[in-house]
Amino acid sequence: AEIFRLAPHPTIPRCQAPLVVIVLDGLGESKYNDEYNAVHMAQTPTLDALKAVGPRHYRTLKAHGTSVGLPSDADMGNSEVGHNALGAGQIVDQGAKCVDKALATGDLFRLDGWKYIEPNAKQGTLHLIGLLSDGGVHSRYDQIMLLVEGAIKQGVKRIRLHVLADGRDVGDNTAVAWVERLAGDARRLSKQHGVDARIASGGGRMKVTMDRYESDWRVVQRGYYAHVLGEAPSTFTDPVDAVRTLKKDNTVSDQYVDPWVIVGDDGKPVGAVQDGDAVVTFNFRADRMVEISQALEYEKFHKFDRKRWPKIRFAGMMQYDGDLLLPKHFLVPPPLIERASEQYVVGTGLRVFACSESQKIGHVTFFWNGNRSGYLDPKLEKFQEIPSDQGISFDKAPAMKAREIAATTKQAILSGQYDFVRCNFANPDMVGHTGKLKAAIEAVTVTDACIKVLLDAVDQVGGRFLLTADHGNAEDMVQRQKDGSPVVGPEGKPVELTSHTLNPVPCAIGGPGLPPDVHFRGDLPAAGLANVTAAFINLLGFEAPDFYKPSLVTTAKEE
Ligand code: 3PG
Ligand code: CO
């Protein structure tokens, strides 16, 4: 990517010490300050103190819906769109919206990606792999149906669906219903159009296929074996029966359902991928599709033994990595994120340090930099990954690697080697996604203590900081009725909320290096995450590009 130079800010001087940007993943502000708000319930002296400073240095930001490029304001925020906005200073139509448009206009079936897979899809089998829900974070059910219907209209006769149970972007214990619905729709369409469409394999998204940032390749291996080879520890003849059985009376969360394969009366898998088939991964979001794409596409591949690598034509719903150009073929062009802030920061010669644990490292590098995976300039940038725990549900270890991230980032702040230090704490989000309230409270408490470590380091070197979050999650751990009271489940217990929220997120600035006249503007009440970018560029001592969303900060005297 090209690099560009920033002009010095007219009134905010550079600071000799670094600017530290802290992203709390999945920590919003809810109007419900009750026992189901893990942020309210946690011990948060650091966050409380930041808030107590008042509106000159503390405010909230929009982090959902159209303010981050999602199709509607009913869409909760997520890390992809949140970090894209934080890093790019602009709001671009995100993947969900691009796919909606391509399906509505029919362009999807006219573009190069479809043309590439079309011969195989018609002569062999069309395999569709992805997340089964209407969460709208990685995929959406209506898009899957439009894809299936459109493919049938184009003349595809044999379709196999390989579907991952969600329970993370939608309510837990909904997977059986989703599989029932899809199986029903597949049956109906098969009958209506005289085709053969059915579900062939699946598993829970955290156990099968949807790993990210190479946190645990075994997850992808399970998926490849189930979807491509037709191999899984348990086989079934009916997909609803498969998920119902593996859910073990809902003692297993949808996210962690074991892999399963559907077999015919002959005991053979109904949807193993064969030479000459076409494969589409229908998720629009990138992070959790990169690894399975590599397994499907790369001729040289060593992350696990594929045993068999069929000669297929493969396309992603989108291109998932603009640096690796992965996959080579895709149905819908991904949103173009041009002139992300890192291109300016590096172009100005500033030295950058970015840190998180495996589960989130790509958020502060890949998503931050407009979905580009590499360094712009390895001499100026250092991306530090702390290995995440593998193979456990994070409610069992709610501290995750927060202390290690804090210690490593602190070293970077103290080292004098960096001008701009950023990090992401995964805990409120990853533990929030488990739906486990007590663990989420612990997660937020640990995170707050780690923020303190970083703010102390900022104090020590005389630096500046900006703290924010990418979307809400831990601040609401229960499904609510319209009046705010918890939804109560059949066993009389409140129903856990595992997904993100629509809530705004905190934003705070400070540090001994912050000039006393720098403060939040009072005239941007509807500002969102994209307004943060110009603000941190200002805090670095530079003017932001004029097409960025207006900066949150000013030195002007308040009216
Ligand atoms: C996930 O991928 O873990 C969830 O679907 C979304 O979480 P994130 O947007 O916070 O990564
Ligand atoms: Co999340």
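Since every read-out is calculated from the coordinates, none of them should be taken as a lab result. Fair warning: this is a prediction, and the values are worked out from it, not measured in the lab. Quick reminder, even Gly has a Cβ in these numbers, built from the backbone with ideal geometry, and neighbours come from all protein chains shown.
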Roughly how many whole Å is it from the C-alpha centroid of the range 323-395 to that of the range 42-120?
16
Assign one of three labels to the chain, namely rounded, prolate or oblate, based on the Cα gyration tensor with a ≥ b ≥ c the square roots of its eigenvalues; rounded applies when a/c is under 1.5, prolate when it is not and a/b is larger than b/c, and oblate otherwise.
prolate
Antiparallel as a % of all DSSP beta bridges within the chain, to the nearest 5?
25
Neighbourhood charge, 10 Å Cβ-Cβ cut-off, centred on Asp196 and excluding it, Lys, Arg +1 and Asp, Glu -1
+4
Could you list which residues have their amide H under 5 Å from that of Val478, counting only those 5 or more apart in sequence or on another chain, with H placed in the peptide plane?
Leu497
Roughly how big is the chain's charge dipole about its Cα centre, with Cβ charges of +1 (Lys, Arg) and -1 (Asp, Glu), in debye to the nearest 20?
920
Counting helices only, and only those DSSP H runs with n ≥ 4, report the 222 nm mean residue ellipticity of the chain as the sum of -39,500 (n - 2.57) divided by its residues, in deg cm²/dmol to the nearest 500.
-9000 deg cm²/dmol
Let me check I've understood the local charge: for Asn473, count other residues with C-beta under 9 angstrom from its C-beta, Lys and Arg +1, Asp and Glu -1. What total comes out?
-4
Loop-resident sites, the range 323-353, for trypsin sites (Lys or Arg not before Pro), counting at most 15 other Cβ within 10 Å (DSSP)
Lys328
Share of antiparallel DSSP beta bridges in the range 96-316, in percent to the nearest 5?
10
The summed charge of the Ile12 Cβ neighbourhood (under 13 Å; Lys/Arg +1, Asp/Glu -1) stands at 0
